[in-house]
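Please read the structure below before turning to the comments.
A short reminder: the numbers here are calculations on the coordinates, not readings from a lab. Since we're looking at a predicted model, the values are computed, not measured. Virtual Cβ from ideal backbone geometry, glycine too; neighbours counted across all protein chains shown.
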Amino acid sequence: MKSLPKSDARFAPPAPAVAPLPFLTVDDLFWFLYLYPLRFLAAAVPIGLIHSIGGLFAFRARERREIATRRMLAAKCAGIARDQIPRIAGEFLAKSAIRMLDDLVVSWPSFPRKLRCSGIQGLEHIERARSAGQGAILLTAHMCASRVAKRYLAASGYPILSVRDEISEGDWWGRFGRRNLAPRRLELLRTIIGEAVYIEDRECTLKILGRLRSGGLVGIHYDGSSGTQSRPWSFLGAPRQFSTGIFDLVRLSDCAVVPMLCLGRSSDFRIVFEPMLDIVRAAGREEFIRANLPAFVESIEKQIVDHPEEWEQWMTI
């Protein structure tokens, strides 16, 4: 008897059943409050009052604090005292809640008059980089005050092109949230982020080089996982893959690389520009990466070790 090909649809195993989405989830309710009443409140009341609402974000604080504590302990990073980690985890969650509320503040056109910068240190390093005419990459970690600082700098005459992944939709929605709230969240995040280029864009590299060659500033969070090519290096006590695309940008543009640290909240934040990194020149791409990767990683790792409660990525590391 002639057998039928295995690809025949009649003999294919049945597809696993997919549970239907609930109509409404707890996250939907949270995002509804965040995107509508809280956002409109952020435009009308003082920042201090907005920050006092941070307790609304604590409905899962215990679970998240335990996760953050475990991941900080697992990092085994010299410089972060292990007996202080539970306290640091609590501060991290409180600052994360404030960061979400600060996002609402900067989502309105009136945000410049509400922000309170307590100081900018090392601005001469940016001026020096811009005067050379090759632009500068601002090397940062995901600190809670990063968005506030970037929007403040842009409003002060230092626009920054942010390089990032495309914003994901998320998988926490119910049917109501996916239909009505997810598009609104995407619109809000694009407003908050400001000027950005996404690595999924085929012209991403050209846009970045264009900004650098015009003497502009480009912001890159080097603790992220973006990029199609990477190299391993030790980070917070464990091996981690780091994107190598940034080194192509530096080689092609001959731009400066300036570490930037942002700390605080919208009502009291400060910005620190560190001296330009000493870029080691090399004949080939691989040699250039090997020569400069350690300094790039060390720069952002120091920011995190010095200010662990300000780093946003403890929940994803």
The answer for the net charge of residues other than Leu293 whose Cβ lies under 14 angstrom from its Cβ, with Lys and Arg +1 and Asp and Glu -1, is -2
Any residue on another chain or 5+ positions along whose placed amide H is under 5 Å from the amide H of Asp268 is listed here as Arg116
For the chain, the Cα-Cα pair-distance distribution in 20 Å bins from 0, as whole percents, is 28, 55, 15, 2, 0
From DSSP H assignment alone, runs of 4+ in the chain each adding -39500 (n - 2.57), the sum over residues rounded to the nearest 500 puts [θ] at 222 nm at -12500 deg cm²/dmol
Result: in the stretch 23-315 the number of Lys pairs with C-alpha under 30 Å apart, spaced 8 or more or on different chains, is 9
Sorted by chain and then number, the residues having a modelled amide H within less than 5 Å of the amide H of Phe242, at least 5 places away or on another chain, are Arg231, Trp233
Bridge orientation stat for the chain from DSSP, antiparallel percent rounded to 5, came to 40
